[in-house]
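Every number here is computed from the coordinates shown, using simple stated rules; none is lab data. For clarity, every value in this text was computed on a predicted model and none was experimentally measured. Cβ coordinates were reconstructed from backbone atoms using ideal geometry, including for glycine residues, and neighbour counts include every protein chain displayed.
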């Protein structure tokens, strides 16, 4: 296949784990999700795995460019993995396309990864007087909007904005920078800052691609 960055010929083994990774990463963003049905159709019906593999490579390289994996591992190994209940989670995950592969990999990684202690009250309920702005996507496959509702319970006031049909990460949504700035500015004057969020009505789901030319009219 052509490398999605350079166009140079490249050979990769598109295994079951690569497929699972492609599906996982594509569902994080609405833009990638819009391409996924076409890529799956080409792979399943026409034996063309290049578009699906290209999506995977582009997404993976994007995360490699912005994530500090060492810090990520240290945090996850201290705050998450020690509290996994493997006996319960394996049963729930067996029917999913990822299965328990990610949990198993994290547990293996954390067997030898350095990590620090966590505070004794780490799992205690938050009770904060600070106003909070919480952003969620209703199609987020990893941190659903319900988690934002739960997080909001820990603040005296929280404005929870839920982007319809959007995935993971809302900072790049239209006018979100202005909303964040307005919220921070209003929070200096009020314990219940109110901001105009009407511009978010422009946030809509990206239409599915019907072919390589794009979505339908």
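If you go through the stretch 195-217 and keep only what is more than 25 Å from residue 28 (Cβ to Cβ) and free of Cβ contacts under 8 Å to residues at least 12 places away in the same chain, you end up with 198, 217. Within the stretch 1-30, being touching a residue at least 12 places away in the same chain (Cβ under 8 Å), assigned to a loop (DSSP other than H, G, I, E, B) and over 13 Å from residue 97 (Cβ atoms) holds for 1, 3, 4, 5, 12, 14, 28, 29.
Scanning the stretch 145-192 for residues that are assigned to a helix (DSSP H, G or I), under 24 Å from residue 32 (Cβ atoms) and free of Cβ contacts under 8 Å to residues at least 40 places away in the same chain turns up 145, 146, 147, 148, 177. When residue 195 is tested against (1) assigned to a loop (DSSP other than H, G, I, E, B); (2) loosely packed, with under 12 Cβ neighbours inside 10 Å, exactly one condition is not met: (2). Taken over the stretch 198-217, the residue count meeting the criterion of being out of contact with any helix residue (DSSP H, G or I) (no Cβ under 9 Å at 6 or more places or on another chain), part of a helix (DSSP H, G or I) and farther than 14 Å from residue 166 by Cβ is 1.
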